[in-house]
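**Student:** I'd like to ask some things about the structure below.
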Amino acid sequence: ALLDAHRGRFRVMNYPTHLASGPAAIPLLQRDLEGARTAYARGDPGASAVAHAAKGGGGTHGDSEEPHQQGGEYVKLVVFGGLDGILTSFAIVAGAAGVGLGVKAVLGIGISNVLADALAMGVGEYLSTKSENEYIAEERSREAWEFKNHPEGEISEMVEIFVNRGMSKPDAEEVISRMAKYPEFFINLMMTEELGLKVPDESERTLLRAFVMFASFATFGFLPILGYTATAFFVRDKTEAESSRHMMIAACAITSVTLVGLGAFKAHFAHRRYLRSALETLLLGGVCATLSYNVGLAVASINW
């Protein structure tokens with residue numbers, strides 16, 4: 001069914017019935033994406049126009065895909081998993097140093113904790129993503145069924161949504177009437193506008209997301225522990241207090257450098273200032289570490 005914008009009423013038309021399937025990746029017009037970003041950063045409309053006019057390989061619709069940064073969808077997983085891993089393990093090291101545990105105890109507790117937490121994070125990412133995708137697919141099937149069996153109601157809802165967002169009713173009716181000619185596109189639009197749900201791409205790999213989360217947590221999580229324990233071999237001839245201080249300094253240095261690197265990595269994809277993002281990440285990590293260390297000192301001072 002299609003809203004007849006010119007007459008202000010509904011009229012019935014035939015639509016394809018294959019409405020339940022999810023969307024595939026849609027190729028976009030190619031452009032100079034980095035040039036567009038540079039133009040935006042500089043506030044240069046002319047450079048922006050030049051960047052959008054650059055269409056390699058012919059530039060017709062569907063011929064090529066806009067060159068987004070590869071792997072951008074996994075940035076959140078790497079940053080989140082990495083920060084969680086390194087802060088968790090450094091909290092263990094700082095707490096253990098405050099209590100005064102030996103190197104073997106720190107190594108044993110740290111490795112087992114990092115592996116267990118990394119596995120839990122990976123499994124959690126897999127189950128949560130899978131559940132979310134299943135829920136979205138079920139909602140999309142329902143929206144497709146409703147559009148197939150009662151299109152007038154769905155179109156009316158979309159018109160109302162667009163009107164509430166500031167569009168005049170005649171314009172909203174005309175826009176919706178045109179978009180409703182393309183059922184797959186229109187159903188995905190309903191998912192976004194009505195339910196606030198983004199339909200996942202068919203190529204999304206849930207297992208890979210879980211592995212990235214596990215690997216990033218474990219990789220970054222081992223760094224403070226390895227730095228702390230490895231330093232012990234170089235300070236064996238020093239007093240216990242000096243050895244503990246040097247090992248803690250090594251763990252702090254490794255953690256600080258890694259936090260700065262993660263902050264810069266995040267800034268690269270978010271197009272923020274590198275220094276600000278790095279310092280922000282370092283500051284948050286320092287707060288966590290300070291809290292853990294002082295909790296360890298407090299526990300060690302208790303007379304049991």
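**Student:** Taking 7 Å along the Cα-to-C-beta vector as the label spot, tell me the residue 279-residue 256 distance in nanometres, rounded to one decimal.
**Tutor:** 1.5 nm
**Student:** Along Cα→Cβ, 7 Å out, is where each label goes; now give me the distance between the ones at residue 113 and residue 150 in nm to one decimal.
**Tutor:** Using points 7 Å along Cα→Cβ, the separation is 5.5 nm.
**Student:** At residue 157 and residue 50, where each label point lies 7 Å from the Cα along Cα→Cβ, what is the point-to-point distance in nanometres?
**Tutor:** Going by the 7 Å Cα→Cβ label model, 4.7 nm.
**Student:** Could you calculate the contour length gain from residue 179 to residue 230, that is, 0.36 nm times the residue separation minus the distance between their Cα atoms, to one decimal place in nm?
**Tutor:** Values: separation 51, 0.36 × 51 = 18.36 nm, distance 6.24 nm.
Extra length from residue 179 to residue 230 when fully extended: 12.1 nm.
**Student:** Right, something else. If R₀ is 45 angstrom, what is the calculated FRET efficiency for the pair residue 302 and residue 128, using the beta carbon separation as r and rounding to 0.05?
**Tutor:** Plugging the Cβ-Cβ distance into 1/(1 + (r/R0)^6) gives 0.70.
**Student:** Could you please state how large a percent of the accessible area of the range 107-150 is carbon and sulfur, counting protein chains only and using a 1.4 Å probe?
**Tutor:** Working: 1600 of 2530 Å².
Result for the range 107-150: 63 percent of the exposed heavy-atom area is carbon or sulfur.
**Student:** Express the carbon and sulfur contribution to the solvent-accessible surface of the range 152-304 as a percent, rounded to the nearest whole number, probe 1.4 angstrom. Walk me through the numbers before you get to the answer.
**Tutor:** Details: 5750 of 9020 Å².
Carbon and sulfur atoms account for 64 percent of the accessible area of the range 152-304.
**Student:** At 1.4 Å probe size, with no ligands or nucleic acids counted, give the accessible surface of residue 169 in Å², nearest ten.
**Tutor:** Answer for residue 169: close to 120 Å² accessible.
**Student:** In terms of solvent-accessible area of protein heavy atoms at a 1.4 angstrom probe, what is the ranking of 208, 275, 189, highest value first?
**Tutor:** These residues rank, largest area first, as 275, 208, 189.
**Student:** Continuing with this model, one more query. Averaged per residue, what accessible area in Å² does the range 107-152 show with a 1.4 Å probe, protein chains only?
**Tutor:** Values: 2590 Å² over 46 residues.
Accessible area per residue, the range 107-152: 56 Å².
**Student:** Counting only the heavy atoms of the protein chains, how much of residue 185 is accessible to a 1.4 Å probe, in Å² to the nearest 10?
**Tutor:** My reading of the accessible area for residue 185 is about 110 Å².
**Student:** Residue 124: net charge of surrounding residues, Cβ under 15 Å, Lys/Arg +1, Asp/Glu -1, itself excluded?
**Tutor:** Details: positive: 76, 130, 209; negative: 84, 117, 125, 132.
Once all neighbours under 15 Å are counted, the net charge is -1.
**Student:** May I have the count of lysine pairs in the range 125-233 with C-alpha atoms under 23 Å apart, counting pairs 8 or more residues apart or located on different chains?
**Tutor:** Values: 130/198; 148/181; 148/198; 169/181; 181/198.
Lysine pairs meeting both conditions in the range 125-233 amount to 5.
**Student:** Kindly provide log₁₀ I(q)/I(0) values, in the same order as q = 0.13 Å⁻¹, from the Debye equation applied to equal alpha-carbon scatterers of the range 147-247.
**Tutor:** Rounded to two decimals, the profile gives -0.66.
**Student:** Another question, then. Quote the accessible area belonging to residue 194 in square angstrom, nearest 10, computed with a 1.4 Å probe and with ligands, DNA and RNA left uncounted.
**Tutor:** The accessible area comes out at roughly 50 Å².
**Student:** Then there is this: Based on the mean of other Cβ atoms within 10 Å per residue, sort peptides 139-152, 89-102 so the most packed one is first. Please list the in-between numbers first.
**Tutor:** Working: 139-152: 16.9, 89-102: 22.2.
In decreasing order of mean packing, 139-152, 89-102 become 89-102, 139-152.
**Student:** In a shell of Cβ-Cβ distance under 12 Å around residue 193, excluding residue 193 itself, what net charge do Lys and Arg (+1) and Asp and Glu (-1) give? Don't jump to the answer; show the numbers that get you there.
**Tutor:** Working: positive: 165, 198; negative: 143, 154, 157, 160, 194.
My count for the surroundings of residue 193 gives -3.
The values are calculated or read from the model by the stated rules, or taken from the named source; none is laboratory data. Note that the structure is a prediction, hence the values are computed from the model and not measured. Neighbour counts run over all protein chains shown; Cβ positions are idealised from the backbone, glycine included. Accessible surface areas use protein heavy atoms only, side chains included; no ligands, DNA or RNA. Shrake-Rupley method; radii C 1.70, N 1.55, O 1.52, S 1.80 Å.
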